[in-house]
Structure formats: C-alpha cells, structure tokens
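Report on the structure given below.
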Amino acid sequence: MISSGEIPLIRDSFAAALLTASGRPEEATRRAVRRDWPRGLGFGLRKGHMGSASGFICRACGARFMAKGGGGFFFDLLHCDTCGSTRSVGHEELGDIHLRFVKGLPGPYAVSRMAMDRRIQREYPGEPLTRDEYHAAAEATVDACGCGGRFRYDAPARCPGCRSTSDQWERDPKAPHMFYD
C-alpha cells in the first residue's frame, strides 16, 4: 500500500492507491469503470437533480424524442452547442482534471464517496481547480461533434428535428421519465 508520503504524481498510480489495496493501476481501472469513480457533478452543478432522461414533444416541429440532462455516478454529460447531441465523459477519462476539481471542493463531491473525496482533498498533490476551470479543461479534452460544434457543459439539449431548445417543448405524457446516476 502506498503511504500518503509516497503518493506518485502519475494519475493512475494515485487512483490505484485510493481504489485498491494492491496499488495496481490495472486493477483500479477495472474497478473504477464499475463503481468507484464519482457521480455526476454534484448537486450545485447538476442544478439540484440527478441525471434524468425524459420524453418530449417539440411544439415547433412535432418531433417526439428523449432528452437527457445531468451526469451520472461515473461521468459528466455534455451537449453539443450546435446540434444538441450528447457526449458522456468518464471521470476516469478526465483523470487529473477531475481529481484536481475534487481537491478544490469545500466538501465531498458526493456523499456516497465521502471517504475517497476527503482523501483526495487531503493527499492529492495537484493544484485544485474551480468549477469554471474544470469545465474548460474537461471541454478541451473532448473532440468536436460530427456537426462541427463543440461539446459544452452549458449547452442546452436540442430537438433532433429542428434544434429548438426546451422552451419549445412539452412533456410527452406517453414517454417515460427516468433518473440515473
């Protein structure tokens, strides 16, 4: 086990030290994909709700579709600023960017992982990131959308038929409303 005085600067080694007793990065990676990485962006960034998907009817063009909002336990959800397509970005994929964000939080990222968050905040050697710095750094890691737009945290979901935003939609009473995390 790696002690706090021996934490290496390599992201995978730090994550392995947090997530496994063995300290093997490959084991941490397997486990992180399943359950050990943080959820969504927390209440403040997810606007008070967990990730959700709902059915809508567009008043502008009549299209019926599902729209997602908010991240999940293992990822952040970004929308294309042009067409509204979604792209999930895993916290493991973000690596040091996500660890630096957690380090800069005043409390835990998620209550369900409080012990790990406190350890990151205490021991992670990187400089903390603010929410705006985190968003900018994470957005820079994501390739452009096929339509030419960029995936952004603040981009709205859009109707796939006419690209209108939620002010032009109504809930589809026949479609499910799902929460995920």
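Taken together, the values in this text are just the output of simple stated rules run on the coordinates, not laboratory data. All values derive from a computational prediction rather than experimental measurement. Neighbour counts are summed over all protein chains in view; Cβ atoms, including those assigned to glycine, are modelled from backbone coordinates with ideal geometry.
Residues in the stretch 142-157 carry Karplus couplings, in order, of 9, 5, 5, 5, x, 7, x, x, 10, 7, 9, 5, 8, 6, x, 5 Hz; the curve used is 6.51 cos²θ - 1.76 cosθ + 1.60 with θ = phi - 60°, and Gly or Pro positions show x. Report the local net charge at L129: Lys and Arg +1, Asp and Glu -1, summed over other residues whose C-beta lies under 9 Å from its C-beta. After counting each charged neighbour, the total is 0.
Per-residue Karplus couplings for the stretch 82-93, computed as 6.51 cos²θ - 1.76 cosθ + 1.60 with θ equal to phi - 60°, are listed in order as 10, 9, x, 4, 9, 9, 8, 10, x, 5, 5, 4 Hz, Gly and Pro entered as x.
Per-residue Cβ neighbour counts within 10 Å put H79, H177 in the sequence H177, H79, beginning with the fewest. Stretched out straight at 0.36 nm per residue, the stretch from D167 to T130 would grow longer than its current Cα-Cα span by 10.3 nm. Residue exposure proxy: V111, V102, V89, ordered by other Cβ atoms within 10 angstrom of their Cβ from fewest to most, comes out as V111, V89, V102.
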